[in-house]
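Colleague: Questions regarding the structure given below will be posed in turn.
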Amino acid sequence: MKLLSFWGPSSRGLGVLSADGERVCGLHAAAEARGEPGADVFARARPFLRAGPAAAERARELAEWGFRERPEGIVADLGDVQLLSPVPVPASIRDSMSFERHIIQATRRAALGPLGRLDTLLERRVGTRRSLAGRINKAFYERPLYYKSNPRSVVGHGADVRMPSYTERFDYELEWGIFIGTMGADITEAAAPDHMAGYTVFDDFSARDIQMAEMRGRLGPAKGKDFDTGNAIGPWLVTRDELPDPYALTMTARVNGAEWSRGSTGDMHWSFEEIVSYISRSETLYPGDFIGSGTVGGGCGLELGAFLKRGDVVELEVERIGPLRNRVV
């Protein structure tokens with residue numbers, strides 16, 4: 001299934017996208033129309049995720065009925081609804097750093113300056129880990145690093161993203177991510193898939209000039225990442241059964257229709273299974289928690305030496321998941 005949260009002309013809440021990608025079935029309205037008990041579980045994403053596999057199976061049945069019967073006020077054209085993040089207010093946001101090429105290239109751009117080109121040549125002789133950028137990022141190879149972001153600054157597909165007043169280097173980040181579907185702690189890598197509800201696209205917008213200044217204090221990003229509308233997630237949540245090989249998907253970023261970035265989910269140095277296992281050590285993960293992958297190599301303006309301006313339209317796409325489009329204002 002492709003699960004989404006939406007506002008529509010006659011229905012709102014949690015919905016399912018049709019197989020042709022053109023229509024939305026409102027699950028709460030469908031459940032009420034059929035007189036099913038417990039319809040409120042389909043009103044919002046987090047209660048739905050907490051309800052587990054039984055609710056997911058009911059959602060499939062409701063969507064099949066809605067698309068087949070098309071009762072008034074339950075099915076709408078996709079173009080007539082406003083999409084929110086699949087979970088409009090995630091329980092938490094943790095964003096990882098799992099793509100080696102991104103951290104190496106970003107380090108060369110942001111920290112090494114004119115030495116960056118020399119370090120690229122050195123890498124060809126000694127390998128990535130033994131290059132200067134690799135040595136600076138030794139911690140990256142030891143464990144899946146992550147930081148926490150603001151779950152109240154989330155927007156969905158089609159929403160405007162407001163550039164902070166204090167930045168002159170505004171950036172996109174081509175990422176994907178997962179929502180936790182089943183609560184758990186001390187989760188093993190083998191068990192991690194059973195705790196993952198599905199996959200979505202993530203644009204972790206960044207005020208790069210502010211981020212670079214903040215991180216000299218060795219506490220990670222703050223106002224470089226935390227501003228209203230700064231986390232775009234969507235367009236929907238694709239359940240795991242739809243992606244039998246999630247680590248073989250093309251990732252693309254376009255700005256005003258021109259391709260700026262291209263990568264693959266298969267380039268992750270740390271898999272989501274490893275990330276979930278690490279984060280959950282002596283810590284409980286809850287349904288509705290969001291975990292981002294971090295930026296794919298070449299997946300941001302920092303690596304390219306180009307930044308966004310007001311009026312730019314950024315579209316991130318992960319194969320078989322969908323495009324996430326936002327305008328910078």
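The values are calculated or read from the model by the stated rules, or taken from the named source; none is laboratory data. Remember, predicted model here, so these are calculated numbers, not experimental data. Reconstructed Cβ throughout: ideal geometry from the backbone, glycine too, with neighbour counts over all protein chains shown. SASA here: full protein model, heavy atoms, side chains in, ligands and nucleic acids out. Shrake-Rupley method; radii C 1.70, N 1.55, O 1.52, S 1.80 Å.
Colleague: Whole-Hz Karplus ³J(HN,Hα) for region 32-39, in order, using 6.51 cos²θ - 1.76 cosθ + 1.60 and θ = phi - 60°, x for Gly and Pro?
Modeller: In residue order, the calculated couplings are 5, 5, 8, x, 7, x, x, 5 Hz.
Colleague: Additional query: Which distance in Å, rounded to a whole number, links the C-alpha centroids of region 191-213 and region 237-272?
Modeller: Centre-to-centre (Cα) distance: 12 Å.
Colleague: Amide H to amide H under 5 Å from W260: which residues, 5+ apart in sequence or cross-chain, H placed 1.01 Å off N in plane?
Modeller: Amide H neighbours of W260, under 5 Å, 5+ apart: A253, R254, V255.
Colleague: Using the Cβ atoms and a cut-off under 11 Å, what net charge is assigned to the surroundings of P71, where Lys and Arg are +1 and Asp and Glu are -1?
Modeller: Numbers: positive: R34, R68, R70; negative: E32, E69, E72.
Overall, the nearby charge balance is 0.
Colleague: Looking at the chain only, what percent of DSSP beta bridges run antiparallel? Nearest 5 please. Don't jump to the answer; show the numbers that get you there.
Modeller: Details: 58 of 66 bridges.
About 90 percent, rounded to the nearest 5.
Colleague: Mind listing which GluC sites (Glu not before Pro) in region 38-144 are in a DSSP loop and have 10 or fewer other Cβ atoms within 10 Å?
Modeller: Numbers: sites: E57, E61, E64, E69, E72, E100, E123, E142; in loops: E72, E142.
Counting only loop positions with at most 10 other Cβ atoms within 10 Å, the GluC sites (Glu not before Pro) in region 38-144 are E72, E142.
Colleague: Okay, next question. Cα gyration tensor of region 113-259, axes a ≥ b ≥ c as square roots of the eigenvalues: rounded (a/c below 1.5), prolate (a/b > b/c) or oblate? Could the numbers behind the result be given before it?
Modeller: Details: a/c = 1.60, a/b = 1.17, b/c = 1.37.
Oblate, since a/c reaches 1.5 and b/c is not below a/b.
Colleague: Next up: Among R94, R218, R50, which one shows the biggest mean-square fluctuation in a GNM of the chain, springs joining Cα atoms closer than 10 Å?
Modeller: R218
Colleague: Report the extension gain between E142 and E319 in nm, rounded to one decimal, defined as 0.36 nm multiplied by the number of residues separating them, less their alpha carbon distance. Mind showing how you got there, number by number?
Modeller: On the way: separation 177, 0.36 × 177 = 63.72 nm, distance 2.95 nm.
Contour length minus Cα-Cα distance gives 60.8 nm.
Colleague: Given the chain, what count of lysine pairs have C-alpha atoms under 23 Å apart, with each pair 8 or more places apart or on different chains? All intermediate terms of the calculation are to be shown ahead of the outcome.
Modeller: On the way: K138/K148; K148/K223; K148/K225; K223/K309; K225/K309.
Lysine pairs meeting the criterion: 5.
Colleague: Return the Rg/Rh value of the chain, two decimal places, where both radii are evaluated on C-alpha atoms and Rh is the Kirkwood radius.
Modeller: Working: Rg = 20.2 Å, Rh = 20.4 Å.
Rg divided by Rh gives 0.99.
Colleague: Let me ask another. By per-residue mean of other Cβ atoms within 10 Å, what is the highest-first order of 21-29, 162-170? It would help to have the intermediate numbers written out before the result.
Modeller: Values: 21-29: 21.8, 162-170: 15.4.
Highest to lowest by the protection proxy: 21-29, 162-170.
Colleague: Hydropathy at least -1.0 by Kyte-Doolittle, axial extent at least 15 angstrom from the Cα trace: which helices of the chain, defined as entire DSSP H runs, fit? Spell out each step's value before the answer.
Modeller: On the way: long enough: 53-69 (24 Å, -0.87); 115-126 (16 Å, -0.18).
Those that clear 15 Å and a mean of -1.0 are 53-69, 115-126.
Colleague: Related question: Taking 0.36 nm per intervening residue step and subtracting the Cα-Cα distance, what contour gain separates R60 from E283 on full extension? Don't skip to the answer; put the middle values down first.
Modeller: Numbers: separation 223, 0.36 × 223 = 80.28 nm, distance 3.17 nm.
Separation in residues times 0.36 nm, less the Cα-Cα distance, equals 77.1 nm.
Colleague: Please turn the phi angles of region 306-320 into ³J(HN,Hα) values with the Karplus equation 6.51 cos²θ - 1.76 cosθ + 1.60 (θ = phi - 60°), one per residue in order, whole Hz, x for glycine and proline.
Modeller: Each residue of region 306-320 in turn: 9, 10, 7, 10, 4, x, 5, 10, 9, 10, 9, 9, 10, 3, 6 Hz.
Colleague: May I pose another question? Considering only L132, L285, L17, give the residue with the highest GNM mean-square fluctuation for the chain, with springs between Cα atoms whenever their separation is below 10 Å.
Modeller: Per the Cα network of the chain with a 10 Å cutoff, L132 tops the list.
Colleague: Compute the distance from the alpha-carbon center of region 1-37 to that of region 142-175, in whole Å.
Modeller: 28
Colleague: So what is the calculated 222 nm ellipticity per residue for the chain, using -39500 (n - 2.57) for each DSSP H run with n of 4 or more, over all residues, to the nearest 500 deg cm²/dmol? Write out the running numbers ahead of the final one.
Modeller: Details: 9 runs with 75 residues, N = 329.
So the helix-based figure for the chain works out to -6000 deg cm²/dmol.
Colleague: Calculate, for the chain, the solvent-accessible area per residue in square angstrom, rolling a 1.4 angstrom probe over the heavy atoms of the protein chains. Each step should come with its number before you reach the end.
Modeller: Numbers: 14730 Å² over 329 residues.
Per residue, the chain has an accessible area of 45 Å².
Colleague: Now, a different point. State the percent of C-alpha pairs, over all pairs in region 177-288, separated by a distance greater than 24 angstrom.
Modeller: Values: 2496 of 6216 pairs.
Summing the P(r) of region 177-288 above 24 Å gives 40 percent of all pairs.
Colleague: Moving on. At 1.4 Å probe size, with the rest of the protein present, what percent of the exposed accessible area of region 96-169 is carbon and sulfur atoms? Present the calculation step by step, with values, prior to reporting the outcome.
Modeller: Numbers: 2150 of 4470 Å².
Carbon and sulfur: 48 percent of the exposed surface of region 96-169.
Colleague: What list of ³J(HN,Hα) values in whole Hz, one per residue of region 2-18 in order, does the Karplus curve 6.51 cos²θ - 1.76 cosθ + 1.60 (θ = phi - 60°) give from phi, with Gly and Pro shown as x?
Modeller: Computed from phi, the couplings for region 2-18 are 10, 8, 9, 10, 8, 10, x, x, 9, 8, 7, x, 9, x, 10, 7, 5 Hz.
Colleague: If I build a Gaussian network model for the chain, linking alpha-carbon pairs within less than 10 angstrom, which residue out of T284, T239, T229 has the largest mean-square fluctuation?
Modeller: Per the Cα network of the chain with a 10 Å cutoff, T284 tops the list.
Colleague: Quote to one decimal, in nm, the extra length available between A258 and D241 on full extension: 0.36 nm per residue of separation minus the C-alpha distance between them. Can you show the working numbers first?
Modeller: Numbers: separation 17, 0.36 × 17 = 6.12 nm, distance 3.19 nm.
Working it through step by step, the gained length comes to 2.9 nm.
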